[in-house]
1. Determine the per residue accessible area of the chain with all protein chains present and a 1.4 angstrom probe, expressed in square angstrom.
2. Answer rounded, prolate or oblate for the stretch 5-116, using the Cα gyration tensor with square roots of eigenvalues a ≥ b ≥ c: rounded when a/c is under 1.5, else prolate when a/b is larger than b/c, else oblate.
3. Taking amide H atoms as placed 1.01 Å from N in the peptide plane, list the residues 5 or more away in sequence, or in a different chain, whose amide H sits under 5 Å from that of residue 84.
4. For residue 97 and residue 112, compute 0.36 nm times the residue count separating them, minus their Cα-Cα distance, and round to one decimal in nm.
5. Need one number: nm distance between label points at residue 90 and residue 72, each 7 Å from Cα along Cα→Cβ, rounded to one decimal.
6. Given H placed on each backbone N at 1.01 Å, which residues far from residue 57 in sequence or on other chains put an amide H within less than 5 Å of it?
7. Could you pull out every residue, at least 5 positions away or on a different chain, whose amide H is within less than 5 Å of the one on residue 20? Hs are placed 1.01 Å off N in the peptide plane, and Pro or chain starts have none.
8. So the label point goes 7 Å from the Cα of residue 64 along Cα→C-beta, right? Which residues of the stretch 36-54 then have their backbone N under 20 Å from it?
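The values are calculated or read from the model by the stated rules, or taken from the named source; none is laboratory data. Fair warning: this is a prediction, and the values are worked out from it, not measured in the lab. Cβ coordinates were reconstructed from backbone atoms using ideal geometry, including for glycine residues, and neighbour counts include every protein chain displayed. Protein only, heavy atoms only, side chains kept; ligands, DNA and RNA dropped before computing areas. Shrake-Rupley method; radii C 1.70, N 1.55, O 1.52, S 1.80 Å.
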Amino acid sequence: MTLDEMAALHARAFPGGRAWAAGEIEALTGAPGGFAVTREAGFAIGRATAGEAELITIAVAPEARRGGVGRDLLAAFEAEARARGAEAGFLEVAADNAGALALYRAAGWAESGRRRGYYRRADAAVDAVVMTKSLVGA
């Protein structure tokens, strides 16, 4: 998947949000420890440094949702993070994103904190749920 394709898919995956430009995706994946895992209908971006991995985003094409693409991307992110020496992972997800929360919980991620009012919506602020998972032996 090219950077332009990733940017277009990100815009479709997060309508109403600020879409990431190809240059931003390139900066994230090209930064120290940065990486992407891709599938035909989605991608995940992460970074792994100093024994920790951060899941920055998972974007799945709207028409491919609920078909296992997100689960596959999450597993691929975890495998790549482990291959890069990460023993623990963390992520942030909007508290109102029920689908993502269910995906992460089903994969063994647990809430470890909250950032109150972190995400700004047109009509409200939404908490960020911070989640963690041990990647050792996972």
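1. Working: 7370 Å² over 138 residues.
Counting only protein heavy atoms, the per-residue value for the chain is 53 Å².
2. Rounded, because the longest to shortest axis ratio a/c is under 1.5.
3. none
4. Separation in residues times 0.36 nm, less the Cα-Cα distance, equals 3.7 nm.
5. Calculated label separation equals 3.1 nm.
6. 45
7. 11
8. 36-47
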